[in-house]
Amino acid sequence: DVKVTQSSRYLVKRTGEKVFLECVQDMDHENMFWYRQDPGLGLRLIYFSYDVKMKEKGDIPEGYSVSREKKERFSLILESASTNQTSMYLCASSLLGSMGTDTQYFGPGTRLTVL
Amino acid sequence: AQKVTQAQTEISVVEKEDVTLDCVYETRDTTYYLFWYKQPPSGELVFLIRRNSFDEQNEISGRYSWNFQKSTSSFNFTITASQVVDSAVYFCALSEARDYGGSQGNLIFGKGTKLSVKP
């Protein structure tokens, strides 16, 4: 079974803090993704990575950065957390399929509250 | 542009009723993939099914069935004899195939349908 884990289920931070959200997958997947989920807005892609040290912006990258130093780990960084970044953050991974796409498998999510 | 519409925001049924969740998509590509995910109250998105645009066969898995119709750009999901454990938010998603490198078939999600199954 595919296993995607996230470092915290719940996190509370203060405005201006630097926040690291960690995601690890154990299936040797090439692709990794970070989404945020907000009521009424659904899931929106923040960043993704299709290889170590590679990253691409998603739909809402502002205020975020990412790091992928190892294939199994993909970190989301909030350089200076703000209250509008209070959200549920979901990490996902997938193989690089022959058609350039494959099923994404999700972690349990991190519910971040910024005070 | 790609778009996924789940017009039903919330549905409430009584246990053992059948329920259909609607999904309509828009894409300009001829090669694409459609997905359904389930998000129970615990929060994790659970993969249910993936279909490619060349395969319009309907799929049945236990109490779950999916109806893919390219003519109406729909990929509807039916739960037969619903159970309380089916209560969750269900997401339909679309991705387009890409060549190696660059955009890797990112998922476009609908806003989800919250299904409540009451005993």
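Out of the residues in region B:25-55 meeting the condition of being over 17 Å from residue B:88 (Cα atoms) and out of contact with any Ser or Thr (no Cβ under 9 Å at 6 or more places or on another chain), tell me which one is farthest from the other protein chains (Cβ to nearest Cβ).
So the residue we want is B:28.
Looking at (1) under 26 Å from residue B:34 (Cα atoms); (2) away from chain B (no Cβ under 13 Å); (3) touching a Leu at 6+ places or on another chain (Cβ under 7 Å), find the lone condition where residue A:64 falls short.
(1)
What number of residues within region B:25-46 are over 25 Å from residue B:119 (Cβ atoms) and surrounded by fewer than 17 Cβ atoms within 10 Å (Cβ to Cβ)?
Counting residues in region B:25-46 that are over 25 Å from residue B:119 (Cβ atoms) and surrounded by fewer than 17 Cβ atoms within 10 Å (Cβ to Cβ) gives 5.
Checking the conditions here, which among A:59, A:26 is charged (D, E, K, R) and within 13 Å of another protein chain (Cβ to nearest Cβ)?
The conditions single out A:59.
Out of the strands (runs of 3 or more DSSP E) lying entirely within region A:1-99, which hold 1 or more residues that are small (Gly, Ala, Ser), modelled with pLDDT of 90 or more and surrounded by 14 or more Cβ atoms within 10 Å (Cβ to Cβ)?
A:42-49, A:65-70, A:73-78, A:87-94
Can you name the residue in region B:47-65 that is of a type in the set (Gly, Ala, Ser) and either touching a residue at least 12 places away in the same chain (Cβ under 8 Å) or closer than 23 Å to residue A:39 by Cβ (or both) and, of all such residues, is surrounded by the fewest Cβ atoms within 10 Å (Cβ to Cβ)?
Ranking the candidates gives B:61 first.
What residue, of A:96, A:115, is in contact (Cβ under 8 Å) with a residue 60 or more places away in the chain and farther than 23 Å from residue B:45 by Cα?
Answer to the selection: A:115.
Within region B:74-88, identify whether any single residue is within 27 Å of residue A:60 (Cα to Cα), in contact with a Ser or Thr (Cβ under 6 Å, 6 or more places away or on another chain) and within 14 Å of chain A (Cβ to nearest Cβ), and answer yes or no.
Looking through region B:74-88, none of the residues is within 27 Å of residue A:60 (Cα to Cα), in contact with a Ser or Thr (Cβ under 6 Å, 6 or more places away or on another chain) and within 14 Å of chain A (Cβ to nearest Cβ).
Can you go through B:68, B:91 and tell me which one is buried (at least 17 other Cβ atoms within 10 Å of the Cβ), more than 24 Å from residue A:41 (Cβ to Cβ) and not small (Gly, Ala, Ser)?
Among B:68, B:91, only B:68 is buried (at least 17 other Cβ atoms within 10 Å of the Cβ), more than 24 Å from residue A:41 (Cβ to Cβ) and not small (Gly, Ala, Ser).
The values are calculated or read from the model by the stated rules, or taken from the named source; none is laboratory data. All values derive from a computational prediction rather than experimental measurement. All Cβ positions, even for glycine, are placed from backbone atoms using ideal geometry, and neighbour counts span all protein chains on display.
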